[in-house]
Amino acid sequence: MAPLKSLEQYPRIINSHFLAFCASHGILTVEDFLLHDIYELAALAEQQPDPEGLKEGIEELLSMVDGELHQPWMNGMDLLADSLQNKHVLSTGCEGIDLLLGGGLREGQLTELVGPSSSGKTQVCLQAASNVAEKHMGRVVYLDTSNSFSPQRIADFVDLATHNFLQNVMKNILCHSVFDIFTMFDILHQLELDLRSQNGPRRVRLLIVDSISSLITPILGGSGLQGHSLMVSAGCLLKKLAHQHNLVVLVTNHTVGGEGGAPKPALGEYWKSIPHVRLMLSRDRGNNTCSISILKHSSMVYLGSSGEAIPILSKETQNIMTRVTVVVMSLMMIFMIGTSIDYVPAPAPNPLYHSSDDY
Amino acid sequence: MEVGRLPISASQRGKLIRAGYTTLSSLSSLSPSDLARGAQTAWDMLHEEQLLRRITTSCADLDNILGGGINCKEVTEIGGVPGIGKTQLGIQLAVNVQIPVDLGGLGGKAVYIDTEGSFMVERALQIAEASVLDMVEYNDLLRKEHRKCQVNLKPNDLLESIYYFRICSYTEQMAVISYLDKFISAHKDVKIVIVDSVTFHFRQDFEDLALRTRLLSGMALKLMNLAKTYNLAVVIFNQVTTKYMEGSFQLALALGDSWSHSCTNRVILYWNGDDRYAFIDKSPSLRSASAPFSVTGKGIRNSASNHKRIKLM
């Protein structure tokens, strides 16, 4: 902790007399000052030759600590204003997913896509990237760990395929290949610096990490908890970037076997509480559709274990009749979503998942 | 002013100092793009992708569903039951990567990492001879259109360009894959790395499954890094196992769920009646599709009626 002596550059209030007074009570660093009882210090100052000067010194030191050592306090009105003005909702490009999420991906939140292999996670990311670059006029930063970023697919998603328009859209999607977690930290810190000084018509609105689990799995476990601490600090850094710079952050995770063979998200218990929104994707091999459901959402509540959700309404929930209507309407919505989400169908289902007599 | 006192993150400071920039004046003459490396816009990547050649599998149907062949800069996992033809496909790809650029190939060399001991040199020679004959034939076709070039390759030359590593334990496998970075920076013309098969040493007698997951995911990232940095194709072969899902025992690829996310594309080879088929299971840009192929004396070719599975009487 910084010694009080380094504050001598503010000689008007924090002069050597004040420092000597503090030192006589065992206060030599800023930490000591904060731990000491301020009222007791003020009372002791009364007995000194220059009580007003000493008290001013105490006030000055407190205000410096308040102003520079932590983020400013925000009250509810500030947060609400920030949320209404700065934290918009970005559409993902797929109507069903937008309907499920109540409009789309929210800025300032970390959204996680969980799913077994080949369930459509990368496709959702690519479509969201193309949609944000095209319709929301934003820039996209895509961190790719498995060389799955397909520019051809992005070009397919863009509606108006004239050369100039396509060029404009695709020039605003930046793709980094990352193969270890430290490179990801480097890129995120660089991005933080760039975001603080960004100007120009287009700002970064979407950050995608596909997939964060392949960066974290090699370091998780083993003898120490260093892997866990890196994972949690990566999550905190992503959430901080999302909140301070009004980004949508989208990450993908894979699944591992859980109880009874049902797949559960990888990365364990420590990661569970980090994303704001967790979505589970699954692919039905029989009729080749993918489905998406909510595992966790910070502003929706669950009806059942299958992940159906209703949005929390403020005053209406007190009215029982309206609550029933809301439940019925959302069940209808879920029903519609179930039939409206399907991806490109394949002509033949996966042969390995058939019980075949040949073997 | 010294770079060491700049308000930037420690990792960046370290990078600048390692690169030799110790004072601000040395930095003032650079532009940001000199310092920033590694990012590309989607537009640039689209153009690069269109210029990349693919490695043909010598089977037209299979090439069609793969969008032209095996793609460079990607890791392709190919899995199937024993006897379906994975090693045959591996040898065919190791030979096909050497097709000269004038004839539409990559003109590169191959690294073949053999963990099971299934690579047979006589078979490789047979496939190489058939490949040279095909190339000469194609060259004659081109000559008719006044686009000829010299095919000076002999089958022995083709065999010389395959670098073969034989692996006997999982530690050797990890070591070779870590060493490959140095090897390929010394042999820049390597365009394909084949690992046949990646599962063999990780399946039996592995006590600590958590360690296995960590090792495998670390290895996957290294292979991805290789593919991207040196612009080559990585093909890994996998075996099958039974899994209990949806109420019955079904076949699935080995090494579990976490490994299934470590490849860019996945192709599954299977029997359909008496014919061999390939199915695209996972791909970021290819549609799911099936195609028949066959294993002949000359290697992997299109399916024909006389190349079916032999049933023992």
Original post:
Before we move on, is B:A19 facing chain A (nearest Cβ under 10 Å) and either at negative phi or at pLDDT below 65 (or both)?
Top reply: no
Original post:
Within the range A:151-184, can you find the residues that are touching a residue at least 40 places away in the same chain (Cβ under 8 Å) and more than 7 Å from chain B (Cβ to nearest Cβ)?
Top reply: A:F157, A:I181, A:M184
Original post:
What is the number of the single condition among (1) under 27 Å from A:Q244 (Cβ atoms); (2) touching a strand residue (DSSP E or B) at 6+ places or on another chain (Cβ under 7 Å) that A:G120 does not meet?
Top reply: (1)
Subject >> Lone qualifier among A:S197, A:S211 - being touching a strand residue (DSSP E or B) at 6+ places or on another chain (Cβ under 7 Å), assigned by TED's automatic domain parsing to the domain that holds A:K272 and at pLDDT below 90 >> reply: A:S211
**OP:** Look through the range A:166-187, keep the residues that are more than 21 Å from the chain's Cα centre (by Cα) and among the aliphatic types (A, V, I, L, M), and return whichever of them is most open to solvent (accessible area, probe 1.4 Å).
**Re:** A:L166
Subject >> Single unsatisfied condition, B:F183 versus (1) touching an Asp or Glu at 6+ places or on another chain (Cβ under 7 Å); (2) modelled with pLDDT of 90 or more; (3) away from chain A (no Cβ under 13 Å) >> reply: (1)
Subject >> Residues of the range B:188-198 that turn out to be touching a residue at least 60 places away in the same chain (Cβ under 8 Å) and open to solvent by 60 Å² or more (accessible area, probe 1.4 Å), as a count >> reply: 1
Subject >> Within the range A:89-136, tally of residues that are free of Cβ contacts under 8 Å to residues at least 40 places away in the same chain and among the basic types (K, R) >> reply: 0
Subject >> Selection from the range A:188-198 of residues that are in a helix (DSSP H, G or I) and open to solvent by 30 Å² or more (accessible area, probe 1.4 Å) >> reply: A:H189, A:Q190, A:L193, A:D194, A:R196
Original post:
Taking strands (runs of 3 or more DSSP E) that fall entirely within the range B:199-313, which contain at least 2 residues that are among the polar types (S, T, N, Q), open to solvent by less than 30 Å² (accessible area, probe 1.4 Å) and away from every other protein chain (no Cβ under 11 Å)?
Top reply: B:290-296
Subject >> Residue ranges of strands (runs of 3 or more DSSP E) in the range A:225-276 with at least 2 members open to solvent by 50 Å² or more (accessible area, probe 1.4 Å) >> reply: A:263-265
Subject >> Residue check for B:A110: among the small types (G, A, S) and either over 21 Å from the mean Cα position of the chain (by Cα) or in a helix (DSSP H, G or I) (or both) >> reply: no
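The values are calculated or read from the model by the stated rules, or taken from the named source; none is laboratory data. Every value quoted in this text rests on a predicted model; they were computed, and no experiment measured them. Reconstructed Cβ throughout: ideal geometry from the backbone, glycine too, with neighbour counts over all protein chains shown. We work out accessible area using only protein heavy atoms, side chains counted, and drop any ligands, DNA or RNA first. Shrake-Rupley method; radii C 1.70, N 1.55, O 1.52, S 1.80 Å.
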